Every structure is written in C-alpha cells, then in structure tokens.
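Read the structure below first, then the notes.
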Amino acid sequence: MESPAKHLSVEMRTVLIACCAGIFVPPLMSTMMNLALVPIGLEFDVGSKSLAMVNTVFLLASVIVMVPLARLSDIIGRKKLFISGLIITLISAATAALSPSFEALLVMRFVMGAGSAAISISSVAMLTEVFPIERRGWAIGVQSTFIYLGIALGPAIGGFMCDILGWRYLFFFLVPFALVSLLFISRFKKEIISDAGASMDYTGAVMYGVAVMLTMYGVINLPNTWAVVLIVVGLISLVVFIRMMKKSRSPVLDIGIFKHKVFSRACIAAYMNYASSYSVAFFMALYLQSVGALTASQAGLILLIQPAIQVAFTAKSGSYSDRIGDKRILPTLGMAITCVAVFMVIFLGTEVNLWYIGLLLVLFGIGYALFTAPNTNAVMSSVPPKNRGEASGMIALVRQIGMMTSMSIAMCCIALIMGTMDNLNPPYDQFVDVIRAAFSICLAMCIVGTVFSWFRGNTAGEVAVATK
C-alpha cells in the first residue's frame with residue numbers, strides 16, 4: 001500500500017513540518033520541567049506545594065486563553081496566530097531562563113502556557129484546512145506523534161541537561177525547534193481566515209476567562225471548602241457566559257457548534273479519555289520509586305513504554321481513520337482498551353510486578369494511539385469550515401481540562417486518604433489505597449467516555465455535510 005506521505009504538495013509538506021516542529025515544543029517543555037522541580041526548589045527555597053504550580057499555571061493559562069484565541073484565529077488568520085504563539089513561547093522561554101525569583105518563573109510559565117495554546121489551536125486548524133479529507137487523519141496522526149515524542153523524550157533530556165548544565169538551560173533547548181517551525185511556516189504564503197472582518201467579543205472573552213479561572217483553580221485545590229465555593233461561583237459565571245454568547249452578534253464562542261452531535265459527543269469522549277488516564281504517569285513514577293524501590297532512571301525507562309507505543313502507532317491509526325467508513329470504531333476501541341488499562345491499575349498492590357505494569361502501560365499506549373488522531377479527525381471534519389478554529393480550540397481545551405481534572409482527582413484522593421505525600425513510607429498501604437480510589441473514579445469516567453464515543457451518531461453522514 002502506498003504511503004500517505006507520498007505525493008504531498010509543497011504546501012502540505014511545508015505546513016506539516018511547521019506544525020510538527022511547533023507542536024513538539026509544549027509537551028517537551030512540560031515533561032522536561034518535571035525533572036527540574038527539585039533543583040528549582042533548592043535554588044528558590046520553595047516546597048513541593050509551590051513547585052506544583054510550575055506546571056499548573058502553564059495548564060491554567062492555556063485553558064483560560066484557548067476559546068478567545070480560537071475565535072481570534074477565525075478573525076486574524078490561523079497562520080498569524082501560529083507565528084504569534086511561537087514568538088511568545090520563544091520570548092517567555094528565554095525570559096524564564098533568566099528568572100531572578102520563583103514568582104518571575106511562574107509568570108513566564110503562565111505566558112508560555114498562553115503561547116503554547118496558540119500553537120496548539122492554530123496548528124490543528126491549519127492541517128484541517130490544507131489537507132483534503134482523505135489525508136486529514138494521517139496528517140493529524142503525524143502531528144499527534146510529535147506530541148507523544150515530546151512527552152517521551154522530555155524526561156531523558158530534562159534529567160541529562162539538569163545534571164550537566166542546570167535547569168535554566170532547559171528553556172534554551174526549545175529554541176531550535178521553534179525556529180525551524182517559524183522558518184517553514186514563513187514559506188507558507190497563504191493565510192487561512194474563516195471570518196474576516198468580524199469583531200472580537202472582548203467582554204465575552206473576559207467573562208470566559210474569569211469563569212474558567214475560578215472553576216479550575218477551585219478544582220485544583222479540592223477538597224478545601226473555599227475551593228468548593230470557587231467552583232460554584234465559577235460554574236455560575238460559566239452559565240452567565242453561555243447566556244451572553246446566545247445573545248451576542250459576534251460571540252467569542254459559537255454555542256451553535258455543539259448542535260453537531262459528532263462534535264459534542266467526541267469532545268465529551270476526549271475529556272473523559274484524558275481525565276481518566278492522564279494521572280497514570282504521576283502515580284506510576286511514585287509507585288515504581290517508592291513501592292518498587294527503583295531508581296529515577298529505572299522508573300523513567302519503564303514509563304517510556306507508553307509514549308513509545310503511542311509514537312509507533314498514532315500516525316498509522318490516523319491514516320486508517322481516513323479509509324474506514326464508520327469513524328466511531330477506532331476511537332471507541334481506543335477508549336475500551338483504556339478502560340481495561342485503568343481497571344488493571346486498580347489491582348496494583350504492595351508487591352510490585354513489573355511485567356504487569358509493563359502490560360498496562362502498553363495498553364494505555366495502544367488506547368491513546370487508537371483514540372487521539374481518529375477522534376480529532378472526526379471532530380474537525382464534523383463542523384463547517386467557518387467553525388474549525390473554534391473546533392480546534394475546543395479539542396485543545398477539553399484535553400487540558402481533562403488533564404487538570406485527572407490530577408485534581410489524584411490530589412483530592414491523596415488529601416482525603418493520606419493527608420500529604422510527606423508520609424509516603426513503608427508499608428505503603430495508604431498509597432495503594434489512594435491509587436485504587438483514584439482509578440475507581442477514573443474507570444467510571446472512562447466507561448462514560450466509551451459510551452459517548454460510540455453513540456456519537458452517524459459520523460460519516462455528518463462529516464459529509466460538514467465538508468460541503
């Protein structure tokens with residue numbers, strides 16, 4: 001069978017390289033930073049709770065700006081937003097490397113989150129516009145592969161650079177990839193604008209940002225009473241925002257996009273997928289090093305199994321989604337396999353079985369590989385061209401919110417059962433109880449996601465309508 005990479009136009013190849021190089025940066029930076037937390041804490045004399053904010057503010061910023069930026073991409077163009085995201089990421093990374101204080105580092109991580117959101121939103125939208133529907137799944141799969149490649153290589157690169165050069169040099173490692181992306185996107189002479197001349201709803205954008213900030217910051221800090229209050233206020237603000245959007249002539253988010261059954265249910269499935277499985281790497285790293293008594297490098301090698309599987313199979317599953325008639329099959333199969341892997345995590349005990357852990361990581365990798373690109377392809381192909389900027393933003397949004405939800409479940413279970421991670425000592429019974437409680441919740445969410453994935457409707461029919 002002929003490779004989908006053959007006979008690509010110069011335009012397709014240029015955009016694909018730019019998007020892959022650009023999207024490689026955010027996950028690489030995120031996973032590299034995990035290895036830098038200890039030296040950052042020592043230099044700035046901050047504890048584990050404060051250090052958790054290094055990655056949390058990055059995720060929070062991306063969630064806050066994604067919807068406004070998605071709308072902005074419709075108005076000013078996908079290419080402009082992509083280039084802006086790269087430039088913001090470059091400047092904030094260089095500034096972060098020179099941070100004189102921990103607070104300054106957090107500010108720059110927040111700005112980097114906003115820049116990364118711009119890259120994520122515009123890259124998927126550009127691929128959807130440039131590639132025809134029969135090659136779209138393959139292109140999205142290739143891009144997703146680079147996301148997983150960044151996740152896989154981050155720990156090894158981060159650990160090595162921290163040991164040899166120091167944590168500040170991690171930020172400079174991003175520069176070559178961002179420059180390559182800028183070089184290739186500058187060769188793409190067209191601009192993709194779906195709603196030129198429209199006005200930006202800044203009031204709606206601010207209202208959305210406030211609602212998301214309150215809700216997500218509350219979720220992060222569960223089970224504190226004040227966090228519950230923040231969530232309630234945030235959700236009320238979100239209801240007000242939705243009502244504003246229904247009345248707005250040029251809404252920052254077109255609520256009508258959710259009338260597309262494939263789109264709305266595929267987004268729910270994506271949220272459930274990330275919310276039910278993202279925390280597995282966090283728990284496995286602690287489990288292998290504490291209960292399993294492995295070194296950090298040994299645990300890291302084992303944890304490479306999952307992203308390695310994803311790198312190997314994501315592009316292939318995206319390509320196959322272009323040829324398969326029923327677009328529900330691959331993402332639903334991926335969700336079902338993820339359910340099996342989550343179920344297996346519940347049975348981890350104080351006796352470590354590395355073969356068992358290896359098998360569940362393989363299943364997680366296969367589940368993600370089968371789900372991500374086909375589901376994204378279905379989402380982007382199920383809406384009219386004028387809504388693809390918003391659709392791209394929603395994909396990134398539900399992914400980030402799912403990640404934050406997954407980690408919030410983990411932190412909440414730790415707080416309720418252990419109180420703090422400071423008492424992570426033998427015989428580890430409480431820690432195992434935390435894992436079982438967290439993934440029991442995750443299993444229920446994963447099952448719900450599988451149901452929504454399958455009952456998303458006649459995907460082939462809706463995709464055909466959307467592409468007209």
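The values are calculated or read from the model by the stated rules, or taken from the named source; none is laboratory data. Please read these numbers as outputs of a predicted model, since none were measured by experiment. Methodologically, a virtual Cβ is constructed for each residue, glycine included, from the backbone with ideal geometry; neighbour enumeration extends over all protein chains shown. To get the accessible areas, we keep the full protein, side chains included, count just its heavy atoms, and leave off ligands, DNA and RNA. Shrake-Rupley method; radii C 1.70, N 1.55, O 1.52, S 1.80 Å.
Projecting the Cα atoms of Gly150, Val212, Ala18 onto the charge dipole of the chain, computed from C-beta unit charges around the Cα centre, puts Ala18 farthest toward the positive end.
Distance between the modelled labels on Leu98 and Val340, one decimal in nanometres: 5.3 nm (7 Å Cα→Cβ projection).
Pairs exceeding a 24 Å alpha-carbon distance, out of Lys261/Lys386; Lys80/Lys259; Lys79/Lys259; Lys79/Lys246; Lys246/Lys386: Lys80/Lys259; Lys79/Lys259; Lys79/Lys246. A simple spin-label model places pseudo-atoms 7 Å from Cα toward Cβ; at Val228 and Trp454 they are separated by 3.6 nm.
Determine Rg/Rh for the chain; Rg is computed over alpha-carbon atoms and Rh is the Kirkwood hydrodynamic estimate from the same atoms. That ratio is 0.94, to two decimals.
Of the solvent-accessible surface of region 247-390, computed with a 1.4 Å probe and all protein chains present, 67% belongs to carbon and sulfur.
Here region 1-140 yields Rg over Rh of 1.07, to two decimals, using C-alpha coordinates and the Kirkwood radius.
Output the relative contact order of the chain, whole-number percent, from Cα pairs under 8 angstrom with separation of 6+ residues.
Details: 800 pairs, mean separation 107.5, N = 468.
Computed value for the chain: 23 percent relative contact order.
If the chain linking Phe258 and Ala196 were pulled fully straight, counting 0.36 nm for each residue of separation and taking away their Cα-Cα distance, it would gain 20.1 nm.
Here the extension length gained between Thr203 and Tyr217 equals 2.9 nm, from 0.36 nm per residue of separation less the Cα-Cα distance. Placing a pseudo-label 7 Å from each Cα along the Cα-to-Cβ vector at Ile133 and Ser186 gives an inter-label distance of 3.7 nm. Rg over Rh for region 189-322 works out to 1.10, using Cα positions for both radii and the Kirkwood form for Rh.
Contour minus end-to-end for Arg323 and Leu301, with contour as 0.36 nm per residue of separation and end-to-end as the Cα-Cα distance?
Numbers: separation 22, 0.36 × 22 = 7.92 nm, distance 3.49 nm.
Using 0.36 nm per residue and subtracting the Cα-Cα distance, I get 4.4 nm.
For region 85-190, what does the accessible surface come to per residue with a 1.4 Å probe? Please give it in Å². Display every interim value, and only then the final one.
Values: 4050 Å² over 106 residues.
For region 85-190, the per-residue accessible area is 38 Å².
Protection proxy ranking for 369-382, 152-165, using the average of other Cβ atoms within 10 Å per residue and placing the highest first: 369-382, 152-165. Across region 1-156, the relative contact order, built from alpha-carbon pairs under 8 Å that are at least six residues apart, equals 41 percent.
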